[in-house]
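Every read-out reported here was derived from the displayed coordinates using simple, explicitly stated rules and does not represent laboratory data. Note that the structure is a prediction, hence the values are computed from the model and not measured. Positions of Cβ are generated from backbone atoms using ideal geometry, with glycine treated the same way; all protein chains shown enter the neighbour counts.
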């Protein structure tokens, strides 16, 4: 399988969480991914960059997979699909992107959840599950995230996962064609370790 050709061990990573599991996207995920994204489009559009016209086509998905492979190979980003453990159904996606090394050792967390699975705690669990991978396997020091102030569900996910709000970035990201303010959050390796010890 082409996706598994690269030698980067993180491309093979399967991450287990309480009631969910994560792994990198594969070509065979196209149908379930496209169906869930299409079903959830109205739910996702207010919180995401504008969707290209061909976003849900097989060729666009292939390009997406190649992009993810290249990012992982070059240690620039890592993409995962999120599955419900009980049913093995695809429920969403999560990325660690914009990996910066050197004196920074940080990445940006992004995620989406399909409409039928909203409000069940799945994304909080998925974010918590990916943090050991970020801090131990990838040896990051800081994971950042941004959420629009009006996106209460996303803000709640970050707070429950231990992220700390650090401020407001004005017109930070272009969402659905419009520059939007975002609340900035971050969790540090030492924050995460302290929470693990506490548990």
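Counting only the Cα atoms, the range 146-199 fills a convex hull of 72 Å³ per residue. Each label point was placed 7 Å from the Cα along the Cα-to-Cβ direction; for residue 118 and residue 42 their separation is 1.0 nm.
For the range 81-153, rounded, prolate or oblate, judged on the Cα gyration tensor with a ≥ b ≥ c (square roots of eigenvalues), a/c < 1.5 rounded, else prolate if a/b > b/c? Because a/c hits 1.5 or more and a/b fails to exceed b/c, the range 81-153 counts as oblate.
Among 15-28, 40-53, the peptide with the highest mean count of other Cβ atoms within 10 Å heads the list, and the full ranking is 15-28, 40-53. When the Cα gyration tensor is reduced to axis lengths a ≥ b ≥ c, the ratio a/c is 1.5 or higher for the range 35-138, and with a/b not above b/c it is classed as oblate. If you plug the beta carbon distance of residue 85 and residue 32 into 1/(1 + (r/R0)^6) with R0 = 22 Å, you get a FRET efficiency near 0.90. Ordering 137-144, 89-96 by mean Cβ neighbour count within 10 Å, with the highest value first, yields 89-96, 137-144. Placing a label point 7 Å from the Cα of residue 139 along the Cα-to-Cβ line, the residues of the range 44-87 whose backbone N sits under 18 Å from it are 72-78. The label point for residue 105 and the one for residue 173, both projected 7 Å from the Cα toward the Cβ, are 2.5 nm apart. Eigen-decomposition of the gyration tensor built on the alpha-carbon atoms of the range 103-199 gives equivalent ellipsoid semi-axes of 22, 17, 12 angstrom, largest listed first. Ellipsoid semi-axes for the chain, based on the Cα gyration tensor and the rule √(5λ), read 23, 21, 18 Å when sorted largest first.
Dividing the summed helix terms, -39500 (n - 2.57) for each DSSP H run of n ≥ 4, by the number of residues in the chain produces a 222 nm estimate of -9000 deg cm²/dmol to the nearest 500.
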